[in-house]
1. Using the per-residue mean of other Cβ atoms lying within 10 Å as a proxy for protection, in what order, highest first, do the peptides 54-65, 103-114 fall?
2. Label-point separation (nm) for residue 217 and residue 5, each offset 7 Å from Cα along Cα-to-Cβ?
3. Under a point-charge model restricted to the Cβ atoms of Lys and Arg (+1) and Asp and Glu (-1), what is the dipole moment magnitude of region 1-153 relative to its Cα centre, in debye to the nearest 20?
4. Can you give the accessible area per residue of the chain, in Å², using a 1.4 Å probe?
5. Suppose the chain between residue 205 and residue 163 were pulled fully straight at 0.36 nm per residue; how much longer would it get relative to their current alpha carbon spacing?
6. Going 7 Å from the Cα of residue 152 toward and past its Cβ, which residues in region 186-207 have a backbone nitrogen under 14 Å from where you end up?
7. Just to confirm my numbers, what's the Cα centroid distance between region 118-158 and region 72-110 in Å?
8. Hey, if we sort 126, 41, 9, 79 by accessible area with the 1.4 Å probe, largest down, what's the order?
Amino acid sequence: SGQVTHVIRMRPGPLLGLQPVLTGGIPTARATLTSAMRAQRAAGAVAGVNADYFNLNQGFPSGLLISGGELVKEPEASRSALAIGVGTSLSVARMVLAASWAPVLPEGSPPPTTRFIQGVNRPAQRSSETLLYTPRYGRSTPTGARTEAVISIDGGAPPAVGSTLTGTVVATTTKGGSPIPNGRVVLTGVGSAAKNIAPLVNGTRVQITLAVTGLPTGVQTAIGGGPVLV
């Protein structure tokens with residue numbers, strides 16, 4: 001049978017660019033590429049192509065997603081990601097999540113224990129891990145056995161990649177389903193990681209670092225993929 005290849009050539013300019021989108025609008029909703037294109041038509045979308053793969057059961061992207069500077073989903077360390085810079089600047093590399101959190105202690109206290117975050121805006125995949133949920137995930141976190149701390153971010157700063165956020169715990173739960181309005185994030189511990197979140201009672205000050213190693217400086221947009229072919 002014959003094969004058809006479509007090639008899109010894009011000239012750099014202020015009205016043209018590449019932008020990853022979630023076809024269903026949130027990381028756990030699936031939809032067709034054509035429906036996503038229809039939804040983006042008013043914003044000037046003229047062409048679309050399937051990009052990163054996704055979890056068949058729960059719908060979330062397999063790898064990295066950075067949109068508008070916000071870290072929406074962590075990278076898959078075993079696969080590559082495409083960093084989309086200004087104009088025609090593109091970079092392909094393996095990238096790794098290096099996010100962490102720690103309580104903010106009074107001056108003179110011993111240094112706090114820094115703990116790593118294994119996932120961003122996805123359901124739990126391991127028996128024990130710490131996850132971060134942001135407003136880009138949807139209205140609320142998944143339900144189930146988990147220990148959560150809802151953190152109100154100082155000044156309502158968005159969860160931008162490469163940033164360090166500080167905030168105050170305003171709610172806790174062991175059942176999930178925590179609302180995630182703008183200006184708040186949720187730290188979740190499942191399995192044995194729940195004991196690390198449990199001490200975060202209301203009023204606790206927390207610092208969260210959102211870093212992705214291998215991401216070029218200043219990149220505001222990226223999407224997972226791989227393996228690297230060229």
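1. Numbers: 54-65: 19.4, 103-114: 9.2.
The peptides rank, most packed first, as 54-65, 103-114.
2. Once both label points are built, they end up 3.7 nm from each other.
3. Here the size comes out at about 480 debye.
4. Working: 12960 Å² over 230 residues.
Roughly 56 Å² per residue, with all protein chains present.
5. Values: separation 42, 0.36 × 42 = 15.12 nm, distance 1.67 nm.
Separation in residues times 0.36 nm, less the Cα-Cα distance, equals 13.4 nm.
6. 202-206, by backbone N distance to the label point.
7. Computed from Cα coordinates, the inter-centre distance equals 16 Å.
8. Numbers: 126 130, 41 160, 9 225, 79 95 Å².
My answer, sorted largest first, is 9, 41, 126, 79.
The values are calculated or read from the model by the stated rules, or taken from the named source; none is laboratory data. For clarity, every value in this text was computed on a predicted model and none was experimentally measured. Don't worry about glycine lacking a Cβ; one is built from the backbone with ideal geometry, like all the others, and counts go over all protein chains shown. Areas reflect the complete protein model, heavy atoms only, side chains present, ligands, DNA and RNA absent. Shrake-Rupley method; radii C 1.70, N 1.55, O 1.52, S 1.80 Å.
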